[in-house]
Structures are given as structure tokens and as C-alpha cells.
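Chemist: Here's a structure for you.
The values are calculated or read from the model by the stated rules, or taken from the named source; none is laboratory data. Quick caveat, the model's predicted, so the values are computed rather than measured. Using ideal geometry, Cβ is built from the backbone for each residue, glycine included, and neighbour counts are taken over all protein chains shown. These accessible areas exclude ligands, DNA and RNA; they are computed on the full protein's heavy atoms, side chains included. Shrake-Rupley method; radii C 1.70, N 1.55, O 1.52, S 1.80 Å.
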Amino acid sequence: MPRIAVIEKEKCNPVGCGNYLCIRMCPVNRMGRECIVVGADGKAEIHEEVCTDACSVCVKICPFGAIHMINLPAETGKPLHKYGRDGYRIYSLPFPVFGKVVGLLGVNGIGKSTAIKILAQALKPNFGTEKEATAEELIDYFKGTEAHLFFDRVKRGEIKIAYKPQAVDMLPRTAKGKIGELLRSVDEKGMFDAVVEQLHLQDFLENDITEVSGGELQRTAIAATALKNANLYIFDEPSSYLDVKQRISASGFLQGLATPRSAVMVVEHDLIIMDYITDLMHIMYGEAGAYGVVSLPKATRNAINAYLSGMLKEENVRFRNYEIRFGARPPVKAARKEELIRWKGLFKKLGNFSLEAPEGSLPRKEVIGVLGENGTGKTTFVKMLAGMIRPDSGELNEKIRVSYKPQYLSTDSEETVASVLARAVEKYEVQLVRPLELKNLLLKPLKELSGGELQRAAIAECLSKDAELYLLDEPSAYMDAEQRLTAAKVIRGFMETFGKTALVVDHDLLFIDQIADSIMVFSGKPARHGTAKGPYSMEEGMNLFLKELGITLRRDHDSNRPRINKPGSQMDRKQKEEGKLYYG
């Protein structure tokens, strides 16, 4: 059985562990052989060929969880690509199907972006060596498989690839000018007007790329990719920064790109959107930061259910030792509860935008989900509850203790995670630190955390404070599907255990479905005016929100997860006729 040794360089902290603890404690090093050494980058480096098979001392003593010793299945073979001597490696790839949208699902750090970068020709694989493979070597590597034909057609220019990267927030650093001018400059199909209309870009075409929001950047990136004259379109996390309405709209747009002569591939963490947009799906499994393997393709429903079960039966692989389960919580009418905070006739004007919240209250001991389009005042309302913004008029009871997690998190702090989470570590290790997997991050500075790590730390910091009302603005951002479900369970469990109230703003419908007891809905014209409605019972609030979207939700009969009905399907028509858009 092949065995690999991997060090996640971003986690390796020689100063934090007391000057290379792994090097000092390695039994092979103590015997006079160089197994773990100081690499050229100043981080620890493992000589895999010297490492003793039975020894895992370094894995156990590393305080940051940076070292992995992994026994691989014999059939895994040699890696397709490897980052350095002891870095992450990938063993297989997903592949497109013409006329279909193919998805790739897996946890953060498992190598999804690496896989699609290789497909998109943005990364040349090295077969585990220090030398990049030529196009001919790559074709020979896959000889006798469909991948052989794919890379051969790419080499011959029969397959042209358009690729939207994950980090759309980096676009202003590489592109300059107005949105409309930039999109016209990449329009190879002469479809500028049609794409602008389908993705609703009209309102900000005259804006400079440095002046638009994250959601506007995302839609611009999707449009720029779609305007290229390609027959394989690859989109890495196209729903990031988009609200639910925009996600549904973008999904329909991407589906339209898949024709008999073209294929679409998507990496996504929103399970409801992934289920809605894709026809087939690959699951990527392995060990985050260490190695990744891509499964054979499955029909989307079967793939997501297999992912939730943690088992690929056809391949005889168990990649998680537990199942992810969804409770079949039927919609219930909200019972009358003791009020925590009440508002009446709230009004706030910020520049050209105005928000009104006619009347409502939040009860004690409940989780209230908040849904609505971007730019309709959700964050403004949350900030008023937090006391950060004063309403222009209206009544608001502010005499309660509030803890607030903002939408945008600071990433330049020198503080360590341990100093920020001191109260969480002291009082809530079981409830927060362990389930959110923060223990190995405690000695790292906040500025070195990834987006998902920073988000989990921010959730723990918010919940660890002594408060009556916890306000969390987009807590699922940057997290993978598994982490989102864990975070929903942690937040909901915390409120139930300690009898607290949480108001949670998010755009992931599955996340809101799992976490909320009731719903607030924000409507209006984005960036102009918004109205806060509710809270409503889950059934009433979701019906109101789904009606605005024009979609219906049902439960999967095997996993109980929420699924969007195909527009115009028998179930979709039936639920709309009955007025039960939410689990009719």
C-alpha cells in the first residue's frame, strides 16, 4: 500500500512550535538520517523516501496539524500533479460532457481548483516530479481513456476553453476601466447585449471596475467568460457574493451555455444551487491539504446523496466516517414567545437608499433567518439592531446586550486566533472550538487565515460574547458545503443550549433551512429602497420569499435535503397551485 508524507506549508509555524519541534523529535533524525529538515522556504520539509512506515510521531506532536502521513489505496497510482517534495498531490481529474453541466463537489483544500486549472490549461501537471509535462506527455499519460481524447482535442485546437477563476475580488488588480468597455473588449461572439440583459448588468455598465460590489464583480466575470468563443466553459464558485435571486438567474444562464457543441463545468459549495444547475457530478475526496482523488461521474441527485452518506459504493471508498443527515422538520406555525426586542416605524436613509421596517419583534430563544436581494437593507437593519447605526425615525428597544459578526471581516490583523478566541477557548471549547475545527489555528495570526478559517473564527468570537441577541451577517461565506452544515448545527445548538436569540443573514437556502425557526424577508429595489417584513413562521416566510423568486422547494425522499423543483414540472405546478411553495 503506497504511503505519502505531506506538510501543509501555510500551517507550518516553526516559531510557534518552539523551533522545529518535528525535526527535533523525529526518531529517524535522532538515528542520524535526514528525514525532516529545514526547507529552502524556512518551513519543515519531509524526505518521504527516508520516512519510516510505522512512525507517525511528527503527525501527533505538530501543534498546527500541518503534517499528514497517509496510506493510499494501491490502485491510486502515481500523482498527476504534486506541489513540491512534500506538498499536496492530485491523482485524477473530472471531465466535461458536451451538452451537459458537470459539477465538482468537495471540501475546501481537497484540490478542486487545482483540478479545473489543469483542465483549463492554467496549470501544467508535473506527474510528481519537478518538470512540467508537455502536451504530448499529458496525452500519453491518459492513453486508452476519454481523457486522452479530451487533451488531444485541446492540443489540436478543437476544444477552446474559457475559465472563470474563484477569486473575482482580484479582478480590479488586473483589469482597468468601465465594466461595459471591458466586456465589449472580450466579446468574441457578438452577444454583448444579450448577455448583459440575461445577467442584469445594465445598471452598472458605466461604473469603473474598482467601484462595483462583489456580486457585480461576480456577474461581470461570468459574463466575460461566457462572451468568449469557447466550447468548454469552466466556472469556479460562480455563486459567491450573489444573493439567492441572482444565483437562480445565473444558474439558468450557465445551463444555457451547455449545448450539443459545448460543455460547462462548475465548482460550487451551495448544495441547492449545485443540485439545480448540474446534470452530472464528480465527488472529490481524500484529505484536505494533502491529496485529492476525483470519483467517477454520477447523476447529480445520486452524487449529492453519496456525498452526504460519505460512501462511494461503486468504487468501494468511504471518505468520511459519518453521514450528514437532514431532519425532516415540517413547517410549523410559530408559537407566541416572550419578546426580546421590538421595533415600530423604523426608517433610515443612506445616500440614495432608504430602508423602512414597519413593525416587528424578535422572540427570545429562537433563530431568525433573513432572506432578500443584495442592496435591500439587510445589513443596514442588522447594524441598527446592533446600535452601530441610528434610525432617522421610529421606535427601537436597544436595551439588550448584542454581539455582532459583520459581513466583511478584517484580514490584516497581527493578533493570533488564540487571543481573539480566549473566551471561547475558556468557556466554550466543546460547543464552539472543537466542532468549528479551530484548535489547530489558535497560534496563527488572523492575517494568515484563509477565508473559511477566518469565517469560523469570527462565528466563534461572536457566539462566545455575553449577549442576549447574536447578529450574524453571512456566516456561510467562504465555507465549503460540509463546513456550512456544521456551522448551522453549531449556531442553532448554541442558541438552544443557552436559551439565546440569533438573527442570521445568509444567501444559502439550505443553510437557512437548517438553522432557522422563523424568517424575515427583505424586498424592494436594490440600492434604492428596501422594506423589512416579518418575522414570519418558516412556512409563511419561505412561501413569500420563494414566490418572489418563482421557484418551489421539496424534500429529497432519501436524504430529506431541500431541492428546487424543475420549473414547470408536475411537482412545481402542483405546489404553486396549492400555494405551498415550501415543501408542499
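Chemist: Based on what the data block shows, is residue 117 in a helix (DSSP H, G or I), within 28 Å of residue 266 (Cα to Cα), of a type outside the set (S, T, N, Q) and open to solvent by 10 Å² or more (accessible area, probe 1.4 Å)?
Modeler: Spelling it out, residue 117 is indeed in a helix (DSSP H, G or I), within 28 Å of residue 266 (Cα to Cα), of a type outside the set (S, T, N, Q) and open to solvent by 10 Å² or more (accessible area, probe 1.4 Å).
Residue by residue, here is whether (1) of a type in the set (A, V, I, L, M); (2) within 28 Å of the chain's Cα centre (by Cα) holds:
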residue	(1), (2)
40	yes, no
56	no, no
100	no, yes
116	yes, yes
125	no, yes
138	yes, no
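Chemist: Conditions first: (1) within 30 Å of residue 4 (Cα to Cα); (2) outside any loop (DSSP other than H, G, I, E, B); (3) touching a strand residue (DSSP E or B) at 6+ places or on another chain (Cβ under 6 Å). Residue 150 passes all but one, so which condition is the exception?
Modeler: (3)
Chemist: Now, a different point. One residue is enough: does the range 460-482 have a residue meeting the conditions open to solvent by less than 10 Å² (accessible area, probe 1.4 Å), in contact (Cβ under 8 Å) with a residue 60 or more places away in the chain, within 22 Å of residue 366 (Cβ to Cβ) and in a loop (DSSP other than H, G, I, E, B)?
Modeler: Yes, some residue in the range 460-482 is open to solvent by less than 10 Å² (accessible area, probe 1.4 Å), in contact (Cβ under 8 Å) with a residue 60 or more places away in the chain, within 22 Å of residue 366 (Cβ to Cβ) and in a loop (DSSP other than H, G, I, E, B).
Chemist: If we keep just the residues of the range 355-371 that are more than 12 Å from residue 519 (Cβ to Cβ) and not in a strand (DSSP E or B), which is least open to solvent (accessible area, probe 1.4 Å)?
Modeler: Top of the filtered list is 364.
Chemist: Which condition from (1) open to solvent by 50 Å² or more (accessible area, probe 1.4 Å); (2) in contact with a strand residue (DSSP E or B) (Cβ under 9 Å, 6 or more places away or on another chain); (3) without any contact (Cβ under 8 Å) to a residue 60 or more places away in the chain is the one that residue 100 breaks?
Modeler: (3)
Chemist: Take the range 15-33 and flag every residue that is part of a loop (DSSP other than H, G, I, E, B) and either of a type in the set (Ser, Thr, Tyr) or touching a strand residue (DSSP E or B) at 6+ places or on another chain (Cβ under 7 Å) (or both). Break it down into steps so the answer makes sense when it comes.
Modeler: Going through the range 15-33, the residues part of a loop (DSSP other than H, G, I, E, B) turn out to be 15-20, 26, 31-33.
Residues satisfying the conditions are 20, 26.
Chemist: Of the residues that sit in the range 412-434 and are surrounded by fewer than 18 Cβ atoms within 10 Å (Cβ to Cβ) and not in a helix (DSSP H, G or I), which one is modelled with the highest pLDDT?
Modeler: 434
Chemist: Residue under question is residue 294, and the condition is that it be surrounded by fewer than 18 Cβ atoms within 10 Å (Cβ to Cβ) and touching a Pro at 6+ places or on another chain (Cβ under 9 Å); does it hold? Walk me through how you get there before you give the answer.
Modeler: Working: surrounded by fewer than 18 Cβ atoms within 10 Å (Cβ to Cβ): no; touching a Pro at 6+ places or on another chain (Cβ under 9 Å): yes.
Judged against the criteria, residue 294 is not a match.
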